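Written below as structure tokens is the structure these notes are about.
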Amino acid sequence: MARSIAQLSVMVFPGTQTLPLFAAQARDFFEKRGLAVEIKPAPNSEEQRQGLAAGRYQIVHGAADQAVALVEGAKVDAAIVAGGDNGFNHLFVQPGIERLADLRGRTLAADVANTGWSFVLYEILRRHGLKRGDYAIKEVGAPFRRFEAMRQDPGMAAAILNPPFAIHARRAGLKDMGAVVDAIGPYLGTVPYVLRSWASANAQTLVDYLKACIEGLRWTLDPVNKDEAIKLTAERLNLPADIAAEVYAVATDPTNGLAQDAMLDIEGFKTVLRLRAAFEDKTPSPPEKYLDLSYYDRAIPP
């Protein structure tokens with residue numbers, strides 16, 4: 001009897017962090033495990049969270065803080081099921097801005113104001129003497145929209161961007177103020193998260209999905225596949241070859257690249273929780289509240 005095919009709708013923010021998924025699709029790592037995976041680009045994090053809660057997507061890959069927001073804000077029983085990366089994010093400002101303190105009274109572009117990378121932005125600015133009321137936030141959505149907002153409107157004074165949009169931003173003349181992890185320390189960026197109820201009812205499907213993702217990650221990080229991986233990056237992200245090569249270099253950086261075997265950085269996650277707690281004036285919850293790594297443990301190859 002032929003094995004039944006599990007249909008999965010997965011929403012992601014396409015970029016450096018999704019190279020292992022692209023590899024898993026292109027190399028048939030999903031297909032050989034009986035998975036038909038449709039990867040959908042996210043317009044913003046709200047659609048990711050709401051779509052997961054409503055069942056439009058079975059798995060989403062987004063900022064770890066988004067999973068926390070889903071649990072705490074929407075009271076949805078979701079869990080992070082693996083690690084991923086530190087986000088690869090840099091803070092960009094308009095060329096006329098000399099210091100971050102110069103952002104006082106300016107408007108900054110963000111995904112949404114009360115989750116994820118916005119908390120990182122607030123913390124960095126706090127360290128430069130700016131309180132939350134010292135600047136305005138305009139919610140514009142995903143990284144490509146933040147880049148476009150800054151490029152098209154000089155009034156959008158700053159934004160946090162990751163590759164390839166960080167690369168586009170540098171080439172467009174926007175000023176790179178540095179990697180956010182250099183400012184705040186370890187940080188857990190993009191992770192896969194799911195509804196606990198779905199995971200429990202589809203445990204083997206989730207394990208197989210994670211196996212395919214890890215295989216795609218290992219393929220991506222293997223230097224033997226460099227040329228093919230850069231070509232795949234160019235195709236899937238619609239990039240010229242030179243920018244695709246830069247994205248690949250970021251992904252494969254031995255210190256700040258994609259996490260080996262998608263291991264979860266617990267110290268980075270503690271930073272995520274600490275920044276959210278500071279914004280809400282609360283005590284951070286224990287990381288275990290938002291994690292279920294049992295599927296990952298079953299998926300990780302020897």
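The values are calculated or read from the model by the stated rules, or taken from the named source; none is laboratory data. Quantities reported herein were computed from a predicted structural model and do not represent experimental measurements. Please note: Cβ atoms are built from the backbone with ideal geometry, for glycine as well, and neighbour counts cover all protein chains shown. Just the protein is used for accessible areas: all its heavy atoms, side chains included, with ligands, DNA and RNA removed. Shrake-Rupley method; radii C 1.70, N 1.55, O 1.52, S 1.80 Å.
Structure above, values below:
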read-out: Residue ID - farthest from Tyr122 (Cα to Cα), chosen from residues in the stretch 287-302 that are open to solvent by 50 Å² or more (accessible area, probe 1.4 Å) and free of Cβ contacts under 8 Å to residues at least 40 places away in the same chain; value: Pro302
read-out: Residues of the stretch 185-204 that turn out to be open to solvent by 40 Å² or more (accessible area, probe 1.4 Å) and closer than 18 Å to Asp297 by Cα, as a count; value: 6
read-out: Answer residue from the stretch 27-55, given it is in a loop (DSSP other than H, G, I, E, B) and closer than 19 Å to Gly141 by Cα and is modelled with the highest pLDDT among those; value: Ala42
read-out: Residue count, the stretch 190-219 (criterion: among the charged types (D, E, K, R) and within 17 Å of Ala259 (Cβ to Cβ)); value: 3
read-out: Residue satisfying condition, being surrounded by fewer than 15 Cβ atoms within 10 Å (Cβ to Cβ) and either touching a Leu at 6+ places or on another chain (Cβ under 7 Å) or within 19 Å of Gly84 (Cα to Cα) (or both), within set Asp176, Asp182; value: Asp182
read-out: Exclusive hit being more than 24 Å from Val68 (Cβ to Cβ) and outside any helix (DSSP H, G or I), set Met150, Met177; value: Met177
read-out: Complete set of residues in the stretch 77-100 that are of a type outside the set (Phe, Trp, Tyr), open to solvent by less than 30 Å² (accessible area, probe 1.4 Å) and not in a strand (DSSP E or B); value: Val81, Ala82, Gly83, Gly84, Asp85, Asn86, Gly87, Asn89, Gln94, Ile97, Leu100
read-out: Filter result for the condition that a residue is of a type in the set (Lys, Arg) and under 18 Å from Leu103 (Cα atoms), over Lys226, Lys175; value: Lys175
read-out: Qualifying residue in the stretch 24-40 (condition: within 24 Å of Ala149 (Cα to Cα), open to solvent by 10 Å² or more (accessible area, probe 1.4 Å), touching a residue at least 12 places away in the same chain (Cβ under 8 Å) and not hydrophobic (A, V, I, L, M, F, W, C)); value: yes
read-out: Hits in the stretch 107-119 (condition: of a type in the set (Val, Ile, Thr) and more than 15 Å from Val93 (Cα to Cα)); value: Val112, Thr115
read-out: The stretch 220-229: number of residues that are open to solvent by less than 30 Å² (accessible area, probe 1.4 Å) and farther than 14 Å from Gly257 by Cα; value: 2
read-out: Residue list for the stretch 268-286, restricted to those being open to solvent by 70 Å² or more (accessible area, probe 1.4 Å) and either on the phi > 0 side of the Ramachandran plot or within 17 Å of the chain's Cα centre (by Cα) (or both); value: Lys270, Asp281
